[in-house]
Each structure stands twice: as structure tokens, then as C-alpha cells.
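Scroll down for the structure; my scribbles are underneath it.
The values are calculated or read from the model by the stated rules, or taken from the named source; none is laboratory data. The structure displayed is predicted, hence computed values, not measured ones. We place every Cβ from the backbone using ideal geometry, glycine too, and count neighbours over all the protein chains shown.
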Amino acid sequence: MSGVNEIRSTFLNYFKKNGHEIVASSPLVPRNDPTLMFTNAGMVQFKNVFTGVEQRPYSRATTSQKCVRAGGKHNDLDNVGYTARHHTFFEMLGNFSFGDYFKEEAISLAWNLITREFGLSKDKLTVTVYHTDDAAFDLWKKVAGLPEERIIRIATSDNFWAMGDTGPCGPCSEIFYDHGDSIWGGPPGSPDEDGDRFIEIWNLVFMQFEQVTKEQRVDLPRPSIDTGMGLERLAAVLQGKHDNYDIDLFQTLIHASEEATGVKAEGQFRASHRVIADHLRSSSFLIADGVLPSNEGRGYVLRRIMRRAMRHAQLLGAKDPLMYRLLPALVREMGQAYPELIRAESLISETLKLEETRFRKTLERGLGLLGEATETLGEGDSLDGETAFKLYDTFGFPLDLTQDALRQRGISVDTEGFSAAMERQKAEARAHWSGSGDAATETIWFAVRDKVGATEFLGYETEKAEGVITALVRDGALVDSAGEGDAVSIVVNQTPFYAESGGQQGDTGTISGDGFTVSITDTQKKNDGVFVHIGTVTKGTAKKDAPVELSVDHVRRTRIRSNHSATHLLHEALRETLGTHVAQKGSLVAPDRLRFDFSHPKPISDKELAVIEDLANEIVLQNAPVTTRLMAVDDAIAEGAMALFGEKYGDEVRVVSMGTALHGEKAGKSYSTELCGGTHVRATGDIGLIRVVSEGAVAAGVRRLEALTGEAARRYLEEQDERVKAIAGVLKSTPAETLARVSALMDERRKLERELTEARKQLALAGPSSGGAQSETVNGVTFIGKVVSGVNPRDLKPLADDAKKTVGSGVVTFIGVSDDGKASAVVGVTDDLVGKYSAVDLVRIASAALGGAGGGGRPDMAQAGGPDGSRAEEAVSAVREALAG
Ligand code: SER
């Protein structure tokens, strides 16, 4: 007997031996199909390869594809737990030929695998073909040697497989396994075909056509093959079981749930353990692929699955959250085949725990209300829609949870009444809202939000995706189409474009559809989660309802990611260096730089800045993975996550952590942990390098850092380097010697300045023959009066002192004129004349002549300034006249 893991690898290796490429499962959230809620078949990732739009380097492939059938078109949720073969999550094994082999080889490969490799007896197998497909009929006879009565022609759509209303399609042939006459049922096409005896195990689709529109079907460029086999069903057959939940993988999960609850999977509890095992798989894989519980879209389907399981945990009497405790068993069973489970284990664990902790609070009260409301009801009755809506609205009971809770008692729910109650509440909210002032300008987005719901954001996982235009706005009004050159705002049901928030700028890129392209220059979030892509139609006509391909400018987004992660590292490095008073006050994460404002009372020294930069770069060099988790806001903050004071957070927050602290109390723990909705690098090494380029004040107590990362940082350093080289060139030196050379030059310059001042002083005092000062006698007093230029104002006084000494007895005046035309005056009076003249009075006279006022000093030496240096000679004359009396 082979285990599930062995069966999976036997299948893949068999096709590998037969020239097929083993291709990894694509994510559960399809990126190449806007109409599909979850990946529900192996061929989804190859849709465009079949139609010839996409080329791959191989023409044969094999996969084990993760599939979810819950919500959307295929919804098996309600049945799970109560039947032998319904799952919300399952694995589909498949082999594909893209215009390589066709029917004959497909049939022969399949027959060989199940009869030889897996050893199934030919007697147990029956096949079906599409009623007109004689070729397939003959091939089964020829290749498998099956008697004609076990090749059954089926005329219904059961044997014509189509992906959806449009897309690749073709007739198919199914292989059935006969579980024996102990089980009721007849072969396909017989009146008893709905019994459980003959079970379809493999569907071979002969892809021949593409359904382009409802009416038009064209041939595919080359006939192809798509097959799908449910791994769980095959495992049941190979393990001699009739029920999928009896295979090894499910038994391991069910045992884990039995152990954790102490309740055996028997009687009334059997279904609960099955629900838990199944829903644990779908929830964990969905979370690993980027879906988080929410009240809308995919997130709501996940929440419904999780809550349904949680109610069953409660039925088993679990006192504490149960699901997350079963996760290790799932990771052990499936982590090797799907490493994403291992990578996301802590995110899955915390998300499960959080949802269950919160939901348990209302679950019991809600069940109490449900009990009361249905006390008098019996089999065949129906619960009123109002109560079902109250359970939904007040206690968070998804409708299907209420239905599931009443199922065993045979009570249904009035779903129409439920929808009516929901509609009424929405209408009330709308009426209430339209009265509220300033938001009225955004009426249009409110209408859009109401009609199309919140946009599903795929951008944490991908930069390219397909979607459908749900609203098109031009000149402030909703329109059905917009032509070339029109400025438009576009809403799409799902998008990889990040809408500006938390300082991170909105994404740019292109949205293109059949014959048109819109260049997107910004993305903004409106009204509670509507992502608005703002841009211009550059080609063709954009139309509402058109399927489109959305592509984010990858280079720009990559730079933004680096700058955002670097912001977190700098934030932590600032706190580590300056203290925990550092708190974010503002932030800009742009493609070309980052700006971070934070509280700190004084400038940061160069030394501190160097330490901050070193610390942040230390984590860059760790190349540590950046991890994201979803937590309750209080738990996240208790764990030390940095949150912005005054910021409003939802109940659940995204927590981004990076690096391992190397120093201080946090050593060994996560280096940076922040509440953040932004997009980040995968590992810190992707940042490359962080370089702080400026530090300054923005307001009292708030400082600002600007920094560059990666290529921009490298280019900045290169420019600095070029500059040093250019300086070295001018100095005729080498970059390494520039500092010594410049210091020497500065010393030399200071020395020369000193010498020059001295020389000028000497010149000022020298005799007339050398252009120096000349003394004269005025009113019997020796007087030196001179205009000097090029002498520093502070050297005028020493000049006057020297002159006083030279004359012995007398009055000296020097007027200095600076390069910018201003003047300063100094007057000195020798001690013997101080009784007669005051230097202060005289300098004021000089200053007045220079257009100034004032001046000060002592009676023997005073100084003043004046704005008008052109009147220097007049100032000398004024002093002379004052002496003359
Ligand atoms: N696409 C087909 C199916 O889902 C075969 O893989 O059944």
C-alpha cells in the first residue's frame, strides 16, 4: 500500500520518464484568470499555452496542482464532512501535451500508468467517451483491449469538458473504478450511475477547440491534452478504501484532531473531524498563497471555511483554539511536496489562532441565540432570514455556518429573507452616509464601492495579473468607454497595483485589454478599499467590463520595496542609537529615495549617523528573509511591533519583521518588527546598500533623514568618488592624498594671509615715499589721517596703536575700506592729549561722515563703522577739521 506522498511522486516521475517536465503547482489565487476565484484544475496555469498566446520551453508537462473548490462556480463547501469524496481542497494530478501527442498516446500513457505502475486490475476499470468520438472508442479497444460494453458513449456535457463559458475545451474520456458490488451503484450512463460504486478517477480531455464567445468555437492551433486525476480518490483506490477520508493523509490529520480534543472520530463526531481535517488543508494553503481572512471576496471565502471548522471544533468540545495546533501535522505530511507551507508556517499558525480566538468569543453566544430561535422548529422547517442576518451581522456567522449548524436537524434557512435583510442594512447605511458633509465630493467612489465592492489586492504576491474593469471614470463621471488621449480612473475587480498608503507611493504601469492600453501613472485608495488606477488611454478604446492584463512597473516597484524595507531598518537603527523616544512622524517611500521624519530633540552628529548607517547595513548584509504575519493588534504591540501612535488600525494587522538583532537586549530576536501594509523586499540583501544623504530639522523636536538604497546609493557614492578624483586632479595628487594636500594648502594659505596683513600694515605706516602714512600738524597737534584698504577691520586698532607709538604725541585716524565698499574708522589719541580730545567723539565724527552713527571705545582709542566707504577721505578731513576747531 502506498502513501499519498509516494503516489504523487510515482505519478510525476512516470510522466517525467515519458518526456514530461515536472512543473510546480501554480498558486491557488489565479493570476491569469480574472473570472476564477480559486485555481480549480491543473490546466488553469496552462490556459494561454493551449491557445498559443504563451510559449513555454516544453511541450509536455506534468503537475500536482493545488485546487480549491469553495465559493464561486464550483462550491463543495456545504457537502464537506458529510460525504466520502467532497473536499474544499484537493490535489489534481495531471499530464499535459501542448500540441505534442494527442489521443492515442494520452490513452496509452494513462492505461499503462494505472494498470502497470499502480497495478489496478483491468476488470475493475470502465471508461466513457463522448458519444461522437469514435476515434477514442477505437483507441480504448486497441490500446487497453477493453470490451465494448465497458467503453460507454456519453452524450452529455459530462464528456465534453470546458473550462468555463470561454477558453479551451474538447471532448473527454473518463476512467471509472468499480469499488465492487458491496456498494450500491451502476456504471456511468446507467440508471444507477449516481450510486457510489463506480467512481471516476481520471478525466482525459482532448483539447481541440477554443470557445471564444458563447456562440463562436474555433480550432486550437494544435490538438492538445489535459488530464486530471484527484489524488485523494486515487489514493483511496490504491489503499483499498472507499472513502477518501480513510486514506493515510486524512487519517493522520484526523488522529491529530482526535488527540488534541480527546474525542474519537465516531458517531456524531465523525463529520466534525472530517470538516476540520479538510478545512485545515484549504485554510492553510490559501493563507500560504497570500489570502487572509476578511469580509470580502476570497478573504471572505477563507473566513467562511475557517469559521465552519471552528464551529466543529466547538462541537468537539475544544476549549482553546484548535486549528493551529493541528498545523504541524499538516506541515509534516505535505510540507515536502509544497514548501510554501513550511515558509508560511508562522503566518498560517498565527492567522488560524487569531481568527479562532476572536470568533470563539461570539460563537457561543451566537449558537445560544440560534438554539433559542430554533427551539420550536423541527425537520422541514426554515429559520427566518432576519435571525440568520442577525447571526451574520452581530456574531459573524457566515450564512453557510448557520445552514451547517441546522443541517443535521433538517432545518433550512430562508436565504431570500437573509438577502433582503442585508439589502435593507446597506440601504440604511447609504442613506445615513449621503447626509455626511465633506465625503459627498467622493460620491462616485461610494457608488462604485457599493456596486463592485472592495478591490482584491494581489500585489504582495505578484506584479502581473488579469482582471475585469468594473468601473471607468472620465471627467468625474462613470462612463462605458474612453478613447485615446482620455484621462481616466479605472477600477478593476483585482489588482497587483499598490495604492498609495503609509507613505508608500502608488504603483505605476499599464492596464491593457483587447486593442487598448492605458498607461497608469498613480494608484490611490478610495472609500474603504476601492483601488483607483489613474492614467491615460494611450491606444484604442478602454471599455467597462473588459478583461484586462495589469502589469506593475517592475523596476520602479523593486526600488520602492527596497526603500520601504530600508525605512524599517533605519527606524530601528535610530532607536537603537538615539533611544526609544525616536518615533515615526512621517515617511515617504518613493522609487528614487526615502524620507523619514522622527521625534528627536537635537541634531544627529556625524558619528551617530555613521553608527546608524552601519547598523542598518549590518542587517542588509544578513540577507535575512522578510516575514509577514497577521496578528491581533494588541498581540502585535505586546510582541514589540512598532505602531504609530494615533494611527487607526483594524482589529487584525499585518506585521512585517526582518533581520536578527546582534546587539543589546534584543540580540537573537527579530531586529525590526512593524505594523505595515506596504510591500517589501523578500530578503534584506535585496536592498543592496543604505546610504543616508541628509539629516536636518523639519519642526521643533522633529528631524528628517533622507536616504538612498541599492543602485541609487551606489550611484551617489560613485558621484562622490568622481568628485574626489577631480579634486585630486586639480591638486595634482591622488585621491588618497587629497586630505593631506588640502590641509597643507590651508595651512599655507593661513600663513600667507598673516604675512599679507603684516605687509599691508607696514605699508600703511611707512612714509609717503613708499605710499605710507604722513603726519601733519593741525592746530599744534601731530595728526596722522589715512585711508587704508585691504586691512582687516580688526587690524585697524593695532595699526593705530603702532601709529600712536610712532608719533609719541598726537591723534591718529585710519579709515579701512572693505571689498564690499563698507568702511570702519578708528581714532587713537595719545595719553598726553586725552584731556583735550576724546577718541570717542572724534570717531563719531568720522562715522557720521561715512554715513553711520555711533561708535564707541575709550577716550584714547575708539572705533566705529559706516556704510559708505567712498566717503573715506571726507571722514579723514572731518577729523582733521574737528582738531582744527
Ligand atoms: N481539466 C479537466 C478537469 O478539471 C482535466 O484536468 O477535470
field: Looking only at the range 685-710, and only at residues there that are of a type in the set (D, E, K, R) and within 23 Å of the chain's Cα centre (by Cα), the one that is surrounded by the fewest Cβ atoms within 10 Å (Cβ to Cβ)
entry: E706
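Out of the residues in the range 860-875 that are closer than 17 Å to D802 by Cα and free of Cβ contacts under 8 Å to residues at least 60 places away in the same chain, which is surrounded by the fewest Cβ atoms within 10 Å (Cβ to Cβ)?
Restricting attention to the range 860-875, the residues satisfying the condition of being closer than 17 Å to D802 by Cα are 860-863.
Then drop every residue that is not free of Cβ contacts under 8 Å to residues at least 60 places away in the same chain, which leaves 860, 862.
Details: D860: 19, A862: 25.
Once the filter is applied, the top-ranked residue is D860.
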- request: Enumerate the pairs (first residue in the range 196-209 and under 11 Å from T227 (Cα atoms); second residue anywhere and charged (D, E, K, R) and near the ligand (Cβ under 9 Å from one of its atoms)) with beta-carbon separation below 7 Å, excluding pairs fewer than 6 apart on the same chain, so at least 6 apart or on different chains.
  value: W202/E174; N203/E174; V205/D226; M207/D226
- prompt: Can you find even one residue in the range 842-850 that is in contact with a Ser or Thr (Cβ under 7 Å, 6 or more places away or on another chain), part of a helix (DSSP H, G or I) and closer than 12 Å to A872 by Cβ?
  reply: yes
- prompt: S26: buried (at least 18 other Cβ atoms within 10 Å of the Cβ) and part of a loop (DSSP other than H, G, I, E, B), yes or no?
  reply: yes
message: Could you go through the range 516-531 and let me know if any residue there is out of contact with any helix residue (DSSP H, G or I) (no Cβ under 8 Å at 6 or more places or on another chain), of a type outside the set (D, E), outside any strand (DSSP E or B) and touching a residue at least 60 places away in the same chain (Cβ under 8 Å).
response: no
message: Could you check the range 145-196 and list, in sequence order, the residues that are hydrophobic (A, V, I, L, M, F, W, C) and within 16 Å of the ligand (Cβ to nearest atom)?
response: I154, F160, W161, A162, M163, C169, C172, I175, F176
- prompt: Is there a residue in the range 481-503 that is assigned to a strand (DSSP E or B) and more than 27 Å from P591 (Cα to Cα)?
  reply: yes
field: Near pairs, Cβ below 7 angstrom, 6+ apart or cross-chain, from the range 310-339 (without any contact (Cβ under 8 Å) to a residue 40 or more places away in the chain) to any residue that is small (G, A, S)
entry: Y324/S349
statement: Restricted to the range 31-43 and to residues being under 19 Å from A288 (Cα atoms) and touching a residue at least 60 places away in the same chain (Cβ under 8 Å), the residue surrounded by the fewest Cβ atoms within 10 Å (Cβ to Cβ) is N32
statement: Of the residues in the range 11-41 that are within 16 Å of the ligand (Cβ to nearest atom) and in contact with an Asp or Glu (Cβ under 7 Å, 6 or more places away or on another chain), the one that is farthest from N493 (Cα to Cα) is L28
task: Determine whether A447 is under 31 Å from the mean Cα position of the chain (by Cα), in a helix (DSSP H, G or I), modelled with pLDDT under 90 and of a type outside the set (F, W, Y).
output: yes
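Per-residue answers, yes or no, for (1) at pLDDT 95 or above; (2) exposed (fewer than 15 other Cβ atoms within 10 Å of the Cβ); (3) within 30 Å of I560 (Cβ to Cβ):
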{"residue": "Y716", "(1), (2), (3)": "yes, no, yes"}
{"residue": "E719", "(1), (2), (3)": "yes, yes, yes"}
{"residue": "S733", "(1), (2), (3)": "no, no, no"}
{"residue": "L752", "(1), (2), (3)": "no, yes, no"}
{"residue": "L756", "(1), (2), (3)": "no, yes, no"}
- request: Note down all Cβ pairs under 6 Å where the first residue falls in the range 219-245 and is within 19 Å of C169 (Cα to Cα) and of a type outside the set (F, W, Y), the second is part of a loop (DSSP other than H, G, I, E, B) and more than 16 Å from the ligand (Cβ to nearest atom), and they're at least six residues apart or on different chains.
  value: P221/G52; R222/G99; S224/G99
Neighbours by Cβ (under 6 Å, 6+ apart or cross-chain): first from the range 90-104, in contact (Cβ under 8 Å) with a residue 40 or more places away in the chain and under 18 Å from V4 (Cβ atoms); second more than 11 Å from the ligand (Cβ to nearest atom) and not in a strand (DSSP E or B): F90/E232; E91/L231; L93/F11; L93/L231
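Every residue, every condition in (1) aromatic (F, W, Y); (2) surrounded by fewer than 24 Cβ atoms within 10 Å (Cβ to Cβ); (3) over 23 Å from N779 (Cβ atoms), yes or no:
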| position | (1), (2), (3) |
| --- | --- |
| L796 | no, yes, yes |
| G816 | no, no, yes |
| L842 | no, no, no |
| I845 | no, yes, no |
| A884 | no, yes, no |
query: For A566, all conditions in the list (1) surrounded by fewer than 23 Cβ atoms within 10 Å (Cβ to Cβ); (2) of a type in the set (G, A, S); (3) under 18 Å from the mean Cα position of the chain (by Cα) hold save one; what is the number of the exception?
result: (1)
field: Count of the range 512-554 residues which are aromatic (F, W, Y) and either farther than 20 Å from V448 by Cα or surrounded by fewer than 19 Cβ atoms within 10 Å (Cβ to Cβ) (or both)
entry: 1
message: Scan the range 55-65 and tell me whether some residue there is at pLDDT 95 or above, at positive phi and part of a loop (DSSP other than H, G, I, E, B).
response: no
- request: Would you confirm whether any residue within the range 368-387 is outside any helix (DSSP H, G or I) and surrounded by 22 or more Cβ atoms within 10 Å (Cβ to Cβ)?
  value: yes
- prompt: Does F285 fit the bill of being within 28 Å of R629 (Cα to Cα) and in contact with a strand residue (DSSP E or B) (Cβ under 7 Å, 6 or more places away or on another chain)?
  reply: yes
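Is it the case that D78 is at pLDDT 95 or above and more than 16 Å from the ligand (Cβ to nearest atom)? Explain how you work it out, then say what you get.
Numbers: at pLDDT 95 or above: no; more than 16 Å from the ligand (Cβ to nearest atom): yes.
The answer is no for D78.
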- prompt: Is it fair to say A590 is surrounded by fewer than 18 Cβ atoms within 10 Å (Cβ to Cβ) and on the phi < 0 side of the Ramachandran plot?
  reply: yes
query: Where residues in the range 46-60 are surrounded by fewer than 24 Cβ atoms within 10 Å (Cβ to Cβ) and within 14 Å of the ligand (Cβ to nearest atom), which of them is farthest from the chain's Cα centre (by Cα)?
result: V49
- prompt: Residues in the range 206-243 that are within 16 Å of the ligand (Cβ to nearest atom) and touching a helix residue (DSSP H, G or I) at 6+ places or on another chain (Cβ under 7 Å): how many?
  reply: 12
query: Can you tell which of A329, A344, A373, A318 is modelled with pLDDT of 95 or more and of a type in the set (G, A, S)?
result: A329
